[in-house]
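For reference, the structure discussed in these notes is given below.
The values are calculated or read from the model by the stated rules, or taken from the named source; none is laboratory data. All values derive from a computational prediction rather than experimental measurement. Cβ placement follows ideal geometry from the backbone for every residue including glycine, while neighbour counts extend to all protein chains displayed. The protein model used for the area step is the full one, side chains on, heavy atoms only, and it has no ligands, DNA or RNA in it. Shrake-Rupley method; radii C 1.70, N 1.55, O 1.52, S 1.80 Å.
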Amino acid sequence: MDNSPNSPQPVDVSHIRSIGVIGAGQMGLGIAQVAAQTGHDVVLVDASLELATKGRDKLAVSLGRLVEKGKLTAEARDALIGKIKPVKGPEDLGGADLTVEAATEQLDLKLKLFKAADAAMKKGALLTSNTSSISITKLAASTSRPELVAGMHFMNPVPVMKLCEIVRGVQSSDQTIAMVTTLAQKMGKTTILSKDIPGFLVNRMLIPFLNEACFALQEGVGSPEDLDLAGKLGLNHPMGPLELADLIGLDTCLFIAEVLHREFGDDKYRAASVLRNLVAAGWLGKKTGRGFYVYDEKGNKLRAAI
Ligand code: CAA
């Protein structure tokens with residue numbers, strides 16, 4: 001594994017056996033999958049027991065595709081799903097040794113969930129967020145355990161992407177950073193370390209890139225397909241910028257662009273109006289079947305949408 005030379009020395013994390021995951025969306029389910037695959041019990045939280053159960057069922061269906069492809073045995077899939085326990089809400093996180101919050105990128109919602117998880121979790125348990133842009137320091141300050149809070153920012157799709165960006169809040173202790181780094185590595189990820197500055201490392205680079213592609217599109221510099229071919233064949237990226245924005249979710253891209261714009265106070269980060277308009281229309285990318293492209297119900301790209 002190609003870890004950053006800035007990673008702390010690994011520490012013992014064998015006591016972290018149960019991992020809480022808040023949010024049964026695409027990121028939360030990916031984190032739950034990787035946690036279970038690496039031998040952890042997972043407590044899966046969403047807005048209700050029904051939604052958490054629905055999330056686990058959705059994961060079972062997506063793992064079924066790996067079984068069909070012969071990449072996973074049906075027994076391994078069943079064992080993995082069996083390690084994931086959907087629960088009613090954050091009040092059921094009492095047994096978790098570490099929680100990763102992966103709810104929608106909304107500060108108020110994350111603060112509410114952090115407070116609830118903090119109240120339920122045992123003394124000494126770690127509380128982390130998969131946020132892509134919200135201040136870890138702010139989230140930590142809402143809890144009674146700020147030194148035990150850090151960012152664990154996984155990339156989408158979590159089971160496939162090799163990176164986990166560790167974010168150090170102002171209050172995070174050295175021990176916390178060492179533990180979450182070692183855990184992410186145990187979950188098969190290469191880690192990098194970022195200060196708690198808006199966008200951290202990945203989105204500080206990525207969101208201005210995606211947003212610039214949106215500006216080029218709205219200025220009519222080229223078509224969506226040609227912008228994406230430019231990214232794929234001209235830059236050797238696995239996906240073009242507009243396809244990638246659709247995969248991440250246009251609401252998430254817009255939210256992060258707005259955080260960068262607001263927090264740095266620099267107009268170079270202002271979001272392109274085509275991005276704002278698609279979000280206003282509810283066309284959020286692959287997850288809603290339409291963004292820059294139109295997708296069929298299996299998520300296959302059909303054609304450009306604008
Ligand atoms: N579990 C395990 N394996 C899985 C899987 C899962 N849930 N889903 C897919 N895979 C495997 C597939 O079986 C396949 O394996 P093989 O190569 O051995 O056949 C492999 O992963 C790739 O899957 P696909 O063949 O379906 O797809 P692909 O080759 O077209 O690659 C992709 C898809 C991985 C998404 C690739 O296009 C890619 O890397 N895109 C860029 C993604 C990216 O940049 N993500 C970062 C977004 S930024 C972010 O997340 C941060 C943020 O805060 C916004």
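Of the solvent-accessible surface of the chain, computed with a 1.4 Å probe and all protein chains present, 55% belongs to carbon and sulfur. Here r is the Cβ-Cβ distance between residue 119 and residue 229 and R0 is 41 Å; the resulting FRET efficiency, rounded to 0.05, is 0.20.
Any chance you could run the full-extension gain for residue 61 through residue 3? It's 0.36 nm times the residue separation minus the Cα-Cα distance, nm to one decimal.
Gain in length upon complete extension: 17.6 nm.
Ignoring solvent entirely, what values of log10 I(q)/I(0) come out of the Debye formula for the chain at 0.08, 0.12, 0.14, 0.16 Å⁻¹ when each Cα is a single scatterer? The Cα Debye sum returns log10 ratios of -0.35, -0.81, -1.10, -1.39. The trypsin sites (Lys or Arg not before Pro) of segment 227-304 that meet both conditions, a loop assignment by DSSP and at most 10 other Cβ atoms within 10 Å of the site Cβ, are 298. Here the relative contact order of the chain, from alpha carbon pairs under 8 Å that lie six or more residues apart, stands at 14 percent. Residues in segment 69-80 carry Karplus couplings, in order, of 6, x, 8, 8, 7, 4, 5, 5, 4, 5, 5, 5 Hz; the curve used is 6.51 cos²θ - 1.76 cosθ + 1.60 with θ = phi - 60°, and Gly or Pro positions show x. Placing a pseudo-label 7 Å from each Cα along the Cα-to-Cβ vector at residue 268 and residue 104 gives an inter-label distance of 3.2 nm. Residue-normalised convex hull volume from the C-alpha trace of segment 35-191: 103 Å³ per residue. Remark: the chain carries 46 Å² of accessible area per residue (probe radius 1.4 Å; ligands, DNA and RNA excluded). Modelled spin labels at residue 47 and residue 141, positioned 7 Å past Cα toward Cβ, are 2.8 nm from each other. Here the simple spin-label model places points 7 Å from the Cα toward Cβ, and for residue 205 and residue 111 these points are separated by 3.3 nm. Going down the list 112/286; 58/301; 69/287; 162/232, which pairs span over 25 Å between their C-alpha atoms? Table pairs above 25 Å Cα-Cα are 112/286.
Using just its DSSP H runs of length 4 or more, each adding -39500 (n - 2.57), the chain gives a mean residue ellipticity at 222 nm of -13000 deg cm²/dmol after division by all residues. Of the GluC sites (Glu not before Pro) found in segment 239-297, the ones in coil according to DSSP and having at most 11 other Cβ atoms within 10 Å of their Cβ are 297.
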